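Before any comments, here is the structure.
The values are calculated or read from the model by the stated rules, or taken from the named source; none is laboratory data. Small disclaimer: the values here were computed from a predicted structure and weren't measured. For neighbour counting, all protein chains shown are included, and Cβ atoms are generated from backbone atoms with ideal geometry for every residue, glycine included.
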Amino acid sequence: MTIFLTYNRTLTKRMKKPGTATSAENYTYESKIIKCYKRYAPLYDLLFGSVFQQGRRAIVKEMKAIDTKDVLEVGVGTGLMLPMYPQDVAVTGIDISKEMLDKAQEKVDRDCTATVSLMQVNGEQLPFPDNHFTCVTLPYTYSVTPDPFKLINEVRRVCKKDGSIIIANHFSGVRSPWAVFEKIVSPFATKIGFQSKFSYQTYVENLDWNVVKSYSCNLFGLSRIVVVRND
């Protein structure tokens, strides 16, 4: 774990506030992330599996409620959510890390009943046509991309009109235990490579989209589910 924090400390020093990085900086960040996940893919499920599982289940519950038959999962990672999708749903899972996708493929082969296609893709440069997916899910992806606004623009482009975008993420600036936690960790956040300030107002409320549902999830309500209709 010490190695992980040291690595992220170096990475954070090179990054600007999310959404303000140049193309060159984004490329540097992308290459660093790929190297990081290559190293930690074997430990990812242990570190981030059960602690965020409630949010993953909530995403799938919301997806089932809209009765979609096709889903794009942005940031599929090791595929922790893939076994939850129903058998009659076609899932396209993308991630920037080949090593994470290799772990996801193991779950597809062993545990999945849905039809799943995995691709190594940068979420900020989606290779899909406009209005292609009925539902797009982002499990803990929104705040870890170099340019969150670019990611969301791409997600909205490939999501069909009146389709659904379902996000699980931590957000600062909302009434929850996170507000207290943020005040505690903010002075140290850059030292450990953790972006504690990911404003709900900036990245959800201020966007020109239709938020139909938003509620807390995970331990102490530290994350939120946000459901958006892509009008």
Residue selected from segment 114-140 under the condition hydroxyl-bearing (Ser, Thr, Tyr) and under 14 Å from THR92 (Cβ atoms), by the criterion farthest from the chain's Cα centre (by Cα): THR115
Somewhere in segment 54-68, is a residue surrounded by 13 or more Cβ atoms within 10 Å (Cβ to Cβ), farther than 25 Å from HIS170 by Cα and not aliphatic (A, V, I, L, M)? yes
Please determine whether any residue of segment 130-144 is touching a Phe, Trp or Tyr at 6+ places or on another chain (Cβ under 9 Å) and at pLDDT 95 or above. yes
Unmet criterion (only one of (1) farther than 28 Å from SER216 by Cα; (2) at pLDDT 95 or above) for ALA58: (1)
